[in-house]
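Engineer: Below you will find the structure I want to go over with you.
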Amino acid sequence: MYVTLKELLGHAEQEGYTVLAPNVFNLESLIAVVEAAEAEQAPVIIAIGESRLKDERLQKYLPVIARQIARETAVPVGINLDHGKSYHELVLAIQKEFSSVMIDASMCPYEENVTRTREIVKIAHELGISVEAEIGHVGMGEDYTENGVKDGLTEPEVAKRFAEETQVDALAVAVGTAHGVYKGTPKLDFERLEEIHKMVNVPLVLHGGSGTGMENLIKASRLGIRKLNINTELLIEAREQVRRELEENPGIDYSILLKHGKDAVVRTLRGYMQALGSSGKAWSKS
Ligand code: 13P
């Protein structure tokens, strides 16, 4: 069942849980997401990173296959362009009927972020497609310091103003997570998150889910995070499973190796769905 981000996060807000948004890049990763969602009866968001679409054939076929799978899956599934930085790619994703796009102008000055986001909101909303944007900036785990992230944390007042000025459907915030592998221990600013949730009238998104720790994520979910982006951890889990299988059986059939990798991703995702409350929350068409 193909649904918009607005619908997915509206339901999550109403019922107080977090929808997972795992990144995909081929058929196995795509199937892993849907398999986990069906097994858990969980709504889910297929995230396709803009950078993955640099490959011409993936650009052409991945969104088409994802949409077909989403339509034929019993649980609610959205497809989000993740970290859309180029206007060209954003418009292309809207044309290709992604159910949502993330415009990432979080590196730009505030006014430019607003202008660029509003422009995408205008086109996307016209066609019934939802928009996520980012205010503050979620950086990389390799830049993490002993005291957490150095800068870029979201100011609650600014987040409120940004959501009102842009009319986005979901807002990604920087509250201490980082993309990739953390250098050191993740430190989340829960007070800041609580304040943002109180002030902002739009579902909140957390990027950099990998390695953040389940306890931190459960707390973030309780404090208002409605969408969690996760990528690196899935790649690591799949790689480690493949490594173990290869060590045990160096002559293993490559197609079976891929299946082992996919199964590891399914297991990981199911754990997150259970912990963050999306398990059992799927609804059907009325
Ligand atoms: P991680 O790779 O740290 O899980 O971050 C994923 C992400 O935020 C994609 O947008």
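Engineer: If I stretch the segment between R267 and Y87 completely, what's the gain in nm (0.36 nm per residue apart, minus their alpha carbon distance), one decimal?
Structural biologist: On the way: separation 180, 0.36 × 180 = 64.80 nm, distance 3.58 nm.
Difference between extended and current length: 61.2 nm.
Engineer: Give the aspartates and glutamates reachable from K262 as a straight Cα distance under 17 Å; neighbours fewer than 8 places away on the same chain don't count.
Structural biologist: Of all the aspartates and glutamates, those that pass the test against K262 - Cα under 17 Å, at least 8 places apart if same chain - are E28, E35, E38, E40, E233, E237, E240, E245, D253.
Engineer: Okay, moving on. Springs between alpha-carbon pairs under 10 angstrom, Gaussian network model over the chain: which of N249, N216, N113 fluctuates most?
Structural biologist: N249
Engineer: A further question on this structure: Which trypsin sites (Lys or Arg not before Pro) in segment 155-188 pass both tests, a DSSP loop state and at most 11 other beta-carbon atoms within 10 Å? Please report the intermediate quantities before stating the final value.
Structural biologist: Values: sites: K160, R161, K183, K187; in loops: K183, K187.
For trypsin sites (Lys or Arg not before Pro) across segment 155-188 that sit outside H, G, I, E and B with at most 11 neighbouring Cβ atoms in 10 Å, the list is empty.
Engineer: Quick one: with all protein chains in place, what share of the accessible area of the chain is carbon or sulfur, to the nearest percent (1.4 Å probe)?
Structural biologist: On the way: 6680 of 13250 Å².
Accessible surface attributable to carbon and sulfur in the chain totals 50 percent.
Engineer: Over segment 101-186, what is the percentage of antiparallel beta bridges among all DSSP beta bridges, to the nearest 5?
Structural biologist: Working: 1 of 9 bridges.
The answer is about 10 percent antiparallel.
Engineer: Using a 1.4 Å probe, what is the accessible area per residue for the chain, in Å²? Intermediate results must be reported in sequence, preceding the final value.
Structural biologist: Working: 13250 Å² over 286 residues.
With all protein chains present, the chain gives 46 Å² per residue.
Engineer: If you don't mind, there's one more thing I want to ask. Which angle from 0 to 90°, rounded to the nearest 10, does the C-alpha axis of helix 156-166 make with the longest principal axis of the chain?
Structural biologist: Its long axis makes an angle of about 90 degrees.
Engineer: Mean 1/r over all different Cα pairs, inverted: what Kirkwood radius does segment 218-285 give, in Å? List each step's numbers first, then the result.
Structural biologist: Values: mean 1/r = 0.0722 Å⁻¹.
Every distinct Cα pair counted, the radius reaches 13.8 Å.
Engineer: Shifting gears a bit: Name the shape class, rounded, prolate or oblate, that the alpha-carbon gyration tensor gives for segment 162-215, where a ≥ b ≥ c are the square roots of its eigenvalues, rounded holds for a/c under 1.5, and otherwise prolate holds if a/b is larger than b/c and oblate otherwise.
Structural biologist: Because a/c hits 1.5 or more and a/b exceeds b/c, segment 162-215 counts as prolate.
Engineer: Let me ask something else. Which entries of K54/K160; K150/K259; K60/K85; K85/K183; K122/K187 have Cα-Cα distances beyond 29 Å here?
Structural biologist: On the way: K54/K160 34 Å; K150/K259 40 Å; K60/K85 19 Å; K85/K183 26 Å; K122/K187 36 Å.
Checking Cα-Cα distances, K54/K160; K150/K259; K122/K187 exceed 29 Å.
Engineer: Considering only C-alpha atoms, what is the centroid distance from segment 144-158 to segment 189-265, in Å?
Structural biologist: 21 Å
Engineer: Still on this model: In what sequence, largest accessible area first, do E195, E134 appear using a 1.4 Å probe? Provide the component values of the computation, followed by the final result.
Structural biologist: Values: E195 75, E134 0 Å².
From most exposed to least exposed: E195, E134.
Engineer: Straight-line reach from K6: which aspartates and glutamates have Cα under 12 Å away, leaving out those fewer than 8 places along the same chain?
Structural biologist: E132, D169
Engineer: Then there is this: By how many degrees, 0 to 90 and rounded to 10, does the Cα axis of helix 27-40 deviate from the longest principal axis of the chain?
Structural biologist: 80 degrees
Engineer: Distance between Cα centroids, segment 53-75 to segment 113-131: provide it in whole Å.
Structural biologist: Their Cα centres are 22 Å away from one another.
Engineer: Quick check: residue separation of E164 and I236 times 0.36 nm, minus the Cα distance between them. What number comes out in nm? Don't skip to the answer; put the middle values down first.
Structural biologist: Details: separation 72, 0.36 × 72 = 25.92 nm, distance 3.81 nm.
Stretched fully, the E164-I236 segment lengthens by 22.1 nm.
Engineer: Now, a different point. Evaluate 2.2 N^0.38 Å with N set to the residue count of the chain, then give the Cα radius of gyration divided by it. Provide the component values of the computation, followed by the final result.
Structural biologist: On the way: Rg = 18.0 Å, N = 286, 2.2 N^0.38 = 18.9 Å.
Dividing the Cα Rg of the chain by 2.2 N^0.38 Å gives 0.96.
The values are calculated or read from the model by the stated rules, or taken from the named source; none is laboratory data. Not measured: the values here are computed from a predicted model. With ideal geometry, Cβ positions are generated from the backbone for all residues, glycine too; neighbour counts draw on all protein chains shown. What goes into the accessible areas is simple: the full protein's heavy atoms, side chains included, and nothing from ligands, DNA or RNA. Shrake-Rupley method; radii C 1.70, N 1.55, O 1.52, S 1.80 Å.
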